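Notes follow the structure.
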Amino acid sequence: MTATDPETRAPKRGPEPVQGMGMLIGLLFLILGALELMPGVSVGEGASRALFGVFAVSGAWTLVHLLTGAAAVFCTRSSRAAARFLVIGGACYAVIGLAGLLPLPRAVTDTLPLNTAGICLDLAFGTAMLILGAGWLWRRPARRR
């Protein structure tokens, strides 16, 4: 057998776990953005719209969620890109959650409305994404034989 025979090649590895988590989070954000567009799921009108009557939403939030989901799905092509997306996206959502705890100008709160449930969700998503992405980036690479 030669080195070019298919039998002597190393078996092809599947996607890394961080890619699966990135895809799951991306699909979750895409579903969330799609639900925000459905009239029966979003209760209220204008600035007082709420997803499931709990989470404050707006057109800007819908766009942010759809773009975040699309970026997550795109970044799952490699494990390094997926981990970097989780770190950067997690940091952004954590900062938004922390900013929601501060008194913000009315122009900001009209564009990106934040209520207590939304702040908690942003902080939870941000922290989870940061932990997943940073944990993957900082892990030691496996030794090859």
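The values are calculated or read from the model by the stated rules, or taken from the named source; none is laboratory data. Source: prediction; values computed, not measured. Cβ placement follows ideal geometry from the backbone for every residue including glycine, while neighbour counts extend to all protein chains displayed.
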Among the residues of region 1-43, count how many are surrounded by fewer than 14 Cβ atoms within 10 Å (Cβ to Cβ), of a type in the set (A, V, I, L, M, F, W, C) and at pLDDT below 95. 5
So Pro15 ticks every box in (1) over 23 Å from Trp138 (Cβ atoms); (2) outside any helix (DSSP H, G or I); (3) not small (Gly, Ala, Ser) but one. Which box is left unticked? (1)
Scan Val87, Val57 and give me the residue that is of a type in the set (Val, Ile, Thr), surrounded by 14 or more Cβ atoms within 10 Å (Cβ to Cβ) and under 21 Å from Ala34 (Cβ atoms). Val57
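Identify, from the list Thr109, Thr116, Thr68, Thr62, the residue that is among the β-branched types (Val, Ile, Thr) and under 18 Å from Met21 (Cβ atoms).
Numbers: Thr109 fails: under 18 Å from Met21 (Cβ atoms); Thr116 fails: under 18 Å from Met21 (Cβ atoms); Thr62 fails: under 18 Å from Met21 (Cβ atoms).
So the residue among Thr109, Thr116, Thr68, Thr62 that is among the β-branched types (Val, Ile, Thr) and under 18 Å from Met21 (Cβ atoms) is Thr68.
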Before we move on, is Ala82 touching an Asp or Glu at 6+ places or on another chain (Cβ under 9 Å) and at pLDDT below 90? no
Would region 77-85 turn up any residue that is touching a residue at least 60 places away in the same chain (Cβ under 8 Å) and not hydrophobic (A, V, I, L, M, F, W, C)? yes
For region 31-58: of the residues being of a type in the set (A, V, I, L, M) and in a strand (DSSP E or B), which is farthest from Leu123 (Cα to Cα)? Val43
